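Values quoted throughout were computed directly from the atomic coordinates according to the rules given, and no laboratory measurement underlies them. None of the values given here were measured: they were computed from a predicted structure. Heads up, the Cβs are rebuilt from the backbone with ideal geometry, glycines too, and the neighbour counts pull from every protein chain shown.
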Ligand SMILES: Cc1cc2nc3c(=O)[nH]c(=O)nc-3n(C[C@H](O)[C@H](O)[C@H](O)COP(=O)(O)OP(=O)(O)OC[C@H]3O[C@@H](n4cnc5c(N)ncnc54)[C@H](O)[C@@H]3O)c2cc1C
């Protein structure tokens, strides 16, 4: 069996590693001329780390990242509103939650690949079905014949647009800035993710390596994201804790990445004949639960197991059956969290904060229990 993967993001690379380990031959086609690291960090939650344990990558990722043992929502002054203690899950699943630089993770994944070719500068433009399978056309003029295609080409997936042209992308009307800075956090914050919720905005930060902090900041916009300027970031978060203000001040503006937040409206079909979607191309989510890449990593594991066990059609349909409910649960819950985090009305903010303070640990734990549990296959 030969499989062609479109996209060398976290989803595509992890799928190629998992398929290689099952003895399935793969080729990757990536639009970028070079795999350049995004200047941002990522949190690999317990579910993703369980997959990386199975793929033999856990130790290396742990050694190159920073363990996170609690996730906190706070007020702008960093006074806690809610805390999820992750040590319970660390013990249960024997894996930690790891915050890591995206570039470091990409490098670890690429180095793990042995037989897979990665074809850079190959932007897929169309897929045409023919008697032998599919004809893939690339912007560089190359055309190849393929029998099975996996679309790991992200939110604006060309593979998805070719097989399901009517899927819709939803803009959350939130602008997001992400950056990495070198500064030392007070000891108390070094193994925690803290997200401070204000009025129509929030600021999150986490240590990803020694003296390296990854942070993100979001604000709601009315009509378009031009309402805000990167030059005013310090002013937008001027009422926040001095730790947050210092993080913003110490980051070079040219290293800050700016994007609007969107997701994919949940869809009930992820494959058509021998073409199947994985990761963001199938179920892009808003980043509010830090689960987008983790869900792509779970896809990689489940799909590789299915392709090893079953013939193609059964494999794709089993994969969809096992993965779709949880991936959509994340998309829906994450959309809701984004709305809750960005409330504007002070009375509603007060009620929300009270609810966060009063939610019992057992309820928070139960919600995460489902997210961190891998599908049985
Ligand atoms: C602000 C923010 C913070 C986030 N934080 C987290 C987090 O902490 N934890 C987490 O789990 N997730 C997080 N996510 C989500 C995560 O980044 C994505 O879910 C994840 O990167 C999806 O991986 P993917 O491989 O499916 O898609 P992508 O990472 O989008 O990769 C797609 C790849 O396909 C390539 N490509 C696209 N089109 C073509 C084409 N036509 N031909 C060839 N190649 C193509 C692209 O160049 C790219 O390399 C966050 C997202 C955002 C926006």
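Scattering from region 12-58 was approximated by placing one identical point on each alpha carbon and applying the Debye formula without solvent; log10 I(q)/I(0) at 0.16, 0.18, 0.30 1/Å stands at -0.61, -0.75, -1.07.
For the chain, the longest principal axis of the Cα atoms and the long axis of helix 361-372 meet at an angle of about 20 degrees. Each of 331, 363, 38 was scored by other Cβ atoms within 10 Å of its Cβ. Arranged with the fewest first, they read 363, 38, 331. The ranking of 276, 176 by Cβ neighbour count inside 10 Å, starting from the fewest, reads 176, 276. Computed from the C-beta positions of residue 267 and residue 144 and an R0 of 35 Å, the FRET efficiency is 0.80 to the nearest 0.05. Please work out the Cα center distance from region 36-59 to region 339-371, rounded to the nearest Å. One Cα centre to the other: 27 Å. Using the Cβ-Cβ distance between residue 313 and residue 347 with R0 set to 41 Å, the FRET efficiency works out to roughly 0.15.
The shape of region 208-251 comes out prolate: with a ≥ b ≥ c from the C-alpha gyration tensor, a/c is at least 1.5 and a/b beats b/c. Counting neighbouring beta carbons within 10 Å and listing from fewest to most, the residues 335, 270, 215 come out as 335, 215, 270. Using the alpha-carbon centroid of each, what span in Å lies between region 219-293 and region 64-125? If we compute the Cα centre of each part, the gap is 16 Å. With 36 Å as the cut-off, how large is the P(r) tail for the chain, expressed as percent of Cα-Cα pairs? Looking at the chain, the distances longer than 36 Å represent 21 percent of pairs. Dimensions of region 162-252 along the principal axes, based on C-alpha atoms and rounded to the nearest Å, stand at 49, 31, 23, largest first. For the pair region 2-19 and region 140-185, the centres of their Cα atoms are 14 angstrom apart. Taking the 0 to 90 degree range and rounding to the nearest ten, how far is the long axis of helix 292-309 tilted relative to the main principal axis of the chain, both from C-alpha atoms? Approximately 30 degrees, to the nearest 10. With the convex hull of the Cα atoms taken as the outline of region 34-129, the averaged projected area works out to 9.9 nm². Here r is the Cβ-Cβ distance between residue 70 and residue 38 and R0 is 22 Å; the resulting FRET efficiency, rounded to 0.05, is 0.30. Assuming a ≥ b ≥ c are the square roots of the Cα gyration tensor eigenvalues, decide whether region 85-128 counts as rounded (a/c under 1.5), prolate (otherwise, with a/b larger than b/c) or oblate. Prolate, because a/c is 1.5 or more and a/b exceeds b/c.
A crude spin-label estimate for the pair residue 239 and residue 199, with each label 7 Å from Cα along the Cβ direction, gives 0.5 nm. Here is the tail figure for region 79-192: Cα pairs spaced more than 25 Å apart come to 55 percent of all pairs. For region 126-205, a Kirkwood radius taken over Cα pairs fed into Stokes-Einstein (10 °C, viscosity 1.306 mPa s) yields D = 91 µm²/s. The angle separating the long axis of helix 346-358 from the principal Cα axis of greatest extent in the chain is about 80 degrees. Give me the percent relative contact order of the chain, please, defined on Cα pairs under 8 angstrom at least 6 residues apart. With pairs under 8 Å counted, the relative contact order is 21 percent. For the chain, DSSP calls about 75 percent of its internal beta bridges antiparallel.
What shape does region 306-377 take by its C-alpha gyration tensor, where a ≥ b ≥ c are the square roots of the eigenvalues and a/c under 1.5 counts as rounded, a/b above b/c as prolate, and the rest as oblate? Because a/c hits 1.5 or more and a/b fails to exceed b/c, region 306-377 counts as oblate.
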